[in-house]
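The values are calculated or read from the model by the stated rules, or taken from the named source; none is laboratory data. Bear in mind the structure is a predicted one, so any value in this text is a computation, not a measurement. Note: ideal-geometry Cβ built from the backbone for every residue, glycine included; neighbour counts use all protein chains shown. Keep in mind that these areas ignore ligands, DNA and RNA; they rest on the heavy atoms of the full protein, side chains included. Shrake-Rupley method; radii C 1.70, N 1.55, O 1.52, S 1.80 Å.
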Amino acid sequence: MGYPDIRPRRLRRTPALRRLVAETTLEPRQLVLPLFVHEDAPEPTPIKSMPGVVQHTRDSLKKAAADAVAAGLGGVMLFGIPAEKDATGTGAVEPDGILNLAITDVVAEVGDQLTVMSDLCLDEFTDHGHCGVLDPDGNVDNDRTLEIYAQMAVAQAAAGVDLVAPSGMMDGQVGHVRRALDAEEHYGTGILAYSAKYASAFYGPFREAVDSSLQGDRRTYQQNPANGLEGVREALLDVEEGADMVMVKPAMGYLDVVRAVRSAVQVPVAAYNISGEYSMVEAAAARGWIDREAAIIETLTSIRRAGADVVLTYWALEAVQLLAG
Ligand code: PBG
């Protein structure tokens with residue numbers, strides 16, 4: 001049977017009907033707000049390439065975390081920008097490094113009302129901008145980097161974070177971090193693994209957000225955008241190594257990978273609606289080329305529809321308002 005007996009438009013006739021048959025939900029608890037904190041910022045500093053997003057001070061970060069609680073968000077993802085960077089990213093492992101202080105501050109502010117997550121990667125802390133340390137030939141040294149990630153994980157756990165989020169795409173990073181946490185009896189600290197993370201041009205604005213000094217690219221560790229099966233393989237490996245949750249990143253160009261990973265694993269799946277995806281919408285909306293608010297909700301709903309249980313988005317707070325209104 002088909003037309004004229006079947007008329008799918010019947011279920012689209014009124015707002016009430018459309019609401020009744022909507023397949024996908026978008027709820028505050030499913031959204032995670034990434035937040036940047038700068039060691040030196042005297043006041044919140046706008047990030048030019050990400051209109052509406054700032055590098056926080058320690059004080060304004062606490063306020064943002066409190067806003068996230070009030071909005072009913074699922075969590076926050078913290079990124080630290082140190083005043084000084086060096087070859088091995090020392091600031092990442094010191095207990096009084098900016099990210100570890102920020103975790104302590106935020107956990108003191110929100111307690112158990114919000115899931116506090118932290119980026120576990122060296123790129124914000126190294127003067128060369130890579131996600132790991134370099135060998136004498138200038139290549140990213142996987143296994144030496146793992147040792148630093150282990151120390152970083154323990155420092156973040158000691159600061160009280162709920163989930164560490166290794167994002168450097170080093171082989172074995174999840175298992176290594178898990179063993180390091182357990183050795184220090186941080187059994188309750190979980191791992192949200194950036195499992196399928198692609199070498200993307202859409203990270204551009206983020207590089208300004210973290211004052212990145214990267215020359216070149218990350219293609220020897222982040223994935224080739226041409227590969228989908230490899231993303232599933234990475235996610236499966238991370239689950240085997242002990243990841244409590246996995247992530248696909250970026251989101252919009254990789255919705256097929258989100259779907260494939262959702263089908264392949266039995267842990268919650270997150271997707272990161274990254275800086276370039278945010279800034280493209282903001283830039284087009286600022287020119288009047290698209291309806292900004294509709295584009296925000298459509299973007300986040302599409303990522304959920306593809307299979308993401310959790311969505312990291314710079315619009316998290318605003319999306320909650322849009323959903324309420
Ligand atoms: C690595 C990291 C990056 C992002 C999150 N974690 C940058 C990169 O891998 O180059 C990008 C986030 C975004 O673009 O919004 N620490």
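In table form, for the structure just shown:
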{"read-out": "Local net charge near residue 162, Cβ-Cβ under 14 Å (Lys/Arg +1, Asp/Glu -1)", "value": "-4"}
{"read-out": "Reach of residue 249 by Cα under 25 Å, taken over lysines that are not fewer than 8 positions away in the same chain", "value": "48, 197"}
{"read-out": "Within the stretch 119-147, backbone nitrogen closer than 19 Å to the virtual label 7 Å beyond the Cα of residue 171 toward Cβ", "value": "131-147"}
{"read-out": "Distant-in-sequence amide H partners of residue 251 (H built 1.01 Å from N, under 5 Å)", "value": "272, 274"}
{"read-out": "Residues residue 256 and residue 87, FRET efficiency given R0 of 45 Å [Cβ-Cβ distance, rounded to 0.05]", "value": "0.75"}
{"read-out": "Estimated [θ] at 222 nm from DSSP helical runs (n ≥ 4, -39500 (n - 2.57)) normalised by residues in the chain, nearest 500", "value": "-12000 deg cm²/dmol"}
{"read-out": "Folded to 0 to 90 degrees: helix 98-110 orientation relative to the chain principal axis, Cα", "value": "50"}
{"read-out": "Dipole of the chain, positive end: most advanced residue of 308, 35, 149 [Cβ charges, Cα centre]", "value": "308"}
{"read-out": "Only Lys, Arg (+1) and Asp, Glu (-1) charged, at Cβ; the chain dipole about Cα centre in debye", "value": "2220"}
{"read-out": "Gaussian network model of the chain, springs between alpha carbon atoms under 10 Å - residue of 165, 66, 271 with greatest fluctuation", "value": "66"}
{"read-out": "Scattering curve values for the chain, log₁₀ I(q)/I(0), Debye with Cα scatterers, q = 0.16 Å⁻¹", "value": "-1.45"}
{"read-out": "Net +/- balance of residues flanking residue 174 in space, Cβ distance below 14 Å, scoring K and R +1, D and E -1", "value": "-3"}
{"read-out": "Largest-first principal axis extents of the Cα set of the stretch 91-218 (Å)", "value": "41, 30, 28"}
{"read-out": "Solvent exposure of the stretch 56-138 as accessible area per residue, Å², 1.4 Å probe", "value": "35"}
{"read-out": "Top positive-direction residue, dipole computed over the chain with Cβ charges, set 167, 321, 79", "value": "321"}
{"read-out": "Rounded FRET efficiency, nearest 0.05, which uses the C-beta distance separating residue 217 from residue 184 and R0 of 35 Å", "value": "0.55"}
{"read-out": "Relative contact order, percent, the chain [alpha-carbon distance under 8 Å, six or more residues apart]", "value": "17"}
